[in-house]
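K.L.:
Mind having a look at this structure? Questions to follow.
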Amino acid sequence: LSGSFDPLHAGHTGLLAAAQGLTGRAGAFELSVENVDKPELTRAQVERRAAQFGGIGAVVCTRAPTFVAKARLFGDCTFVVGYDTAVRLVEPRYYGGVRQMERAFAQMATAGTRFLVAGRLADEGYRSLDDLEVPPGLPVRLAPIPPTAFRLDISSTELRRRAGGPPG
């Protein structure tokens, strides 16, 4: 389960637990120092965020800002994402264009990369894998996490807002 974990919350831990139950595989959290949409984390931020996992689960810190970079590191694995991340996963702008996105997905498919997608409450209501527009012919292996296995309408942004912290 990749994320910025600012803060780590029950949505993250519940999502990983649901994915482990669905796949029968042990999971881990991945904290990336680099992210395509956010500034690079400072050493202090990485240390503070990683410390949240004490006694909760394994956390791996990487400098892999994209899922194709993560796939190069982890190979045959299943990434667990929410609907909002899945939307970005199939947006060509994150790859530099359609052809680059197709190449990235071909690399991920060759590596055995899969994605489990959890639904997410958004402004327009609950959105799930069924609502995702995947470009035709894209070799992507996506499977849903049914709401009966996991649904928790919580977000780090909302938790930060309630605590009076910065939104992102």
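The values are calculated or read from the model by the stated rules, or taken from the named source; none is laboratory data. Because the structure is a prediction, the values reported are computed rather than measured. Here Cβ is always computed from backbone atoms with ideal geometry, including for glycine, and neighbour counts include all displayed protein chains. The area values use the complete protein model at the heavy-atom level, side chains included, leaving out ligands, DNA and RNA. Shrake-Rupley method; radii C 1.70, N 1.55, O 1.52, S 1.80 Å.
K.L.:
Let me spell it out: the conditions are (1) β-branched (Val, Ile, Thr); (2) surrounded by fewer than 17 Cβ atoms within 10 Å (Cβ to Cβ); (3) touching a Cys at 6+ places or on another chain (Cβ under 9 Å), and residue 113 meets all of them except one. Which number is the exception?
P.N.:
Condition not satisfied by residue 113: (2).
K.L.:
Just the residues that are assigned to a helix (DSSP H, G or I) and either closer than 28 Å to residue 151 by Cβ or open to solvent by less than 20 Å² (accessible area, probe 1.4 Å) (or both), please, taken from segment 70-84. Spell out how you get there, then give the answer.
P.N.:
Within segment 70-84, the first condition is being assigned to a helix (DSSP H, G or I), and the residues that meet it are 70-74, 83-84.
Within segment 70-84, 70, 71, 74, 83, 84 meet the criteria.
K.L.:
For residue 44, all conditions in the list (1) of a type in the set (A, V, I, L, M, F, W, C); (2) farther than 21 Å from residue 163 by Cβ; (3) free of Cβ contacts under 8 Å to residues at least 60 places away in the same chain; (4) open to solvent by 50 Å² or more (accessible area, probe 1.4 Å) hold save one; what is the number of the exception?
P.N.:
Tallying (1) of a type in the set (A, V, I, L, M, F, W, C); (2) farther than 21 Å from residue 163 by Cβ; (3) free of Cβ contacts under 8 Å to residues at least 60 places away in the same chain; (4) open to solvent by 50 Å² or more (accessible area, probe 1.4 Å), residue 44 fails exactly one: (2).
K.L.:
To continue, here is another question. Please identify the pairs in which a residue from segment 132-151 that is part of a loop (DSSP other than H, G, I, E, B) has its Cβ atom under 8 Å from the Cβ atom of a residue that is among the basic types (Lys, Arg), counting only partners at least 6 apart or on another chain.
P.N.:
Hits for this filter: 141/114.
K.L.:
Name the single residue that is modelled with the highest pLDDT among those in segment 91-149 being within 15 Å of the chain's Cα centre (by Cα) and more than 26 Å from residue 17 (Cα to Cα).
P.N.:
In this case the residue turns out to be 91.
K.L.:
From 27, 14, 21, which residue is outside any loop (DSSP other than H, G, I, E, B), open to solvent by less than 60 Å² (accessible area, probe 1.4 Å), of a type outside the set (A, V, I, L, M) and in contact (Cβ under 8 Å) with a residue 12 or more places away in the chain? Outline the logic, then answer.
P.N.:
Details: 27 fails: outside any loop (DSSP other than H, G, I, E, B); 21 fails: open to solvent by less than 60 Å² (accessible area, probe 1.4 Å).
Unique residue meeting the criteria: 14.
K.L.:
So which residues in segment 85-131 are of a type outside the set (Ser, Thr, Tyr), touching a Pro at 6+ places or on another chain (Cβ under 8 Å) and assigned to a loop (DSSP other than H, G, I, E, B), if there are any at all?
P.N.:
90, 119
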